[in-house]
1. Based on this model, can you work out whether T331 counts as of a type in the set (S, T, Y) and under 17 Å from R254 (Cβ atoms)?
2. What is the number of the single condition among (1) touching a residue at least 60 places away in the same chain (Cβ under 8 Å); (2) surrounded by fewer than 23 Cβ atoms within 10 Å (Cβ to Cβ); (3) outside any strand (DSSP E or B); (4) not aromatic (F, W, Y) that G168 does not meet?
3. Only one of (1) open to solvent by 40 Å² or more (accessible area, probe 1.4 Å); (2) assigned to a loop (DSSP other than H, G, I, E, B); (3) closer than 27 Å to E309 by Cβ; (4) not acidic (D, E) fails for Y91. Which number is that?
4. Please verify whether region 331-351 includes one or more residues that are more than 16 Å from the chain's Cα centre (by Cα), outside any helix (DSSP H, G or I), farther than 19 Å from Y307 by Cα and at pLDDT 95 or above.
5. When the residues of region 21-45 are narrowed to those that are part of a helix (DSSP H, G or I) and touching a strand residue (DSSP E or B) at 6+ places or on another chain (Cβ under 9 Å), which ends up most open to solvent (accessible area, probe 1.4 Å)?
6. Please go through region 275-295 and pick out each residue that is open to solvent by 30 Å² or more (accessible area, probe 1.4 Å) and hydrophobic (A, V, I, L, M, F, W, C).
7. State which residue is farthest from E281 (Cα to Cα) when the search covers only region 137-157 and only residues that are open to solvent by less than 50 Å² (accessible area, probe 1.4 Å) and in contact with a helix residue (DSSP H, G or I) (Cβ under 7 Å, 6 or more places away or on another chain).
8. Return the total of residues in region 281-317 being out of contact with any Leu (no Cβ under 6 Å at 6 or more places or on another chain) and assigned to a strand (DSSP E or B).
Amino acid sequence: MQAKKFFLLCLTVTLWNGVTLYKSYSGYEVLKIGPVTESVLSEFSDLQHDARFDFWSRPRLGRDNFVMVSSGNAPDLASALRSLQLDFSTYINDVGPLVTKEIEEHEFLKATKKRLPKAVTFERFTEFNEIQDYMDEVNAAYPNLTTIVDLETTFLGKNIRGLRLSNGPGKRLVIMDCALHAREWMAPPVCLKTITELLDNYESNKELLDSVDWLVIPIANPDGYVYSFSTDRFWRKNRKIDLSSPCFGVDPNRNFDFHWGGENVSDPCSLTYPGTGPFSEKESLAVGNQLLANSGNIAIYLAIHSYGELILFPWGYTTELPPNAPELRATGNEAAAAVFAHRGMEYTTGTSAGLLYLQFGAADDFAMGMANVPYSYTWELPGGGTGGFNPPASEIIPVVTETWDGIVSMVRRAAAN
């Protein structure tokens, strides 16, 4: 207990002595918005592009939606919801204490749950430099199975890297990326779980390396991910500077060169701002180049996000279905059943446009539409804690364990076809 008090005291000093200015979110609230009907979904979805409103879950039909807003902008959001005749209530009165609690927990666990060499800890969320170090260590430890792949250098000079895992040539590829959206801290542990299962439990999972190679990208948005730890817990975009705007960043998952810009979002302050053109951002380019370079040889693409308990497949830009939609749905449902078997976590399988709303320039659509990937999915992991993006660290192990079984189910089916 004394150790915990000491670390919390150090954190408080750090936060308030000017060395680190962490956005407190004091006075921000979260509204719970009742199920949205199809008749107003389009207008409701348009609100997500308003920089004043932070959607904690993608706008969706038939389910509650959660939106964070500052006290100053809350009346405008309430007015917009009333005009759409949507029911809403206050879900969180003040987000500030939740952010403080999460920072305190992370700093304490970071000090007490040390990462060992050639290993990751699933008892806390790991930071960017720790993950980079881990990839170097396992590459040195497993030189016959792993290769570091340097993909791109970000606007702020950080290295976007992947780890390729292979036990021999001549196989198709699984591409998996995590944390393309910075604040989705639960995603990187899934990528790290995949690496540890394939390497540390090699004999148990040898069939998965016998049938396919793997390219795992644990942090696809390093600049944003680091910023979410250092400064702003709910930062979503990258950290690209636009000198013509007071706002930073582009949403990398709206920046892929496939039906880019269809949402007509031109405000750089919007959380879904797609940038000045397709592939203007190094984060999306890093993933897109790998998809194109391996076009025709990719068994499955998995984009790991949070949150929402969804297994999504193309298309997002249209409500029309791809020709192999029945197989995509069956594969997703099979994975959802594997996840459910652990602790009853329920996933819904479907298209982004069908379950949620139209979205343009997304990675999963690009993978199928431009890189000819037959199985392309976005996983929206479970939320946790009081809000979806602040799950306690105790949720990491249950989530990565159940998700790994779902991924194995998907990969086996894709590899067999």
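The values are calculated or read from the model by the stated rules, or taken from the named source; none is laboratory data. Quick caveat: nothing in here was measured; it's all calculated off a predicted structure. Virtual Cβ from ideal backbone geometry, glycine too; neighbours counted across all protein chains shown. Side chains are part of the model used for accessible areas, which takes the heavy atoms of the whole protein and leaves out ligands, DNA and RNA. Shrake-Rupley method; radii C 1.70, N 1.55, O 1.52, S 1.80 Å.
1. So T331 does not fit the description; no.
2. Just one mismatch for G168, condition (1).
3. It is condition (2) that Y91 fails.
4. Looking through region 331-351, none of the residues is more than 16 Å from the chain's Cα centre (by Cα), outside any helix (DSSP H, G or I), farther than 19 Å from Y307 by Cα and at pLDDT 95 or above.
5. Taking the candidates together, the pick is E38.
6. Within region 275-295, F279, L285, L292, A293 meet the criteria.
7. Checked region 137-157; the qualifying residue farthest from E281 (Cα to Cα) is L145.
8. The total comes to 10.
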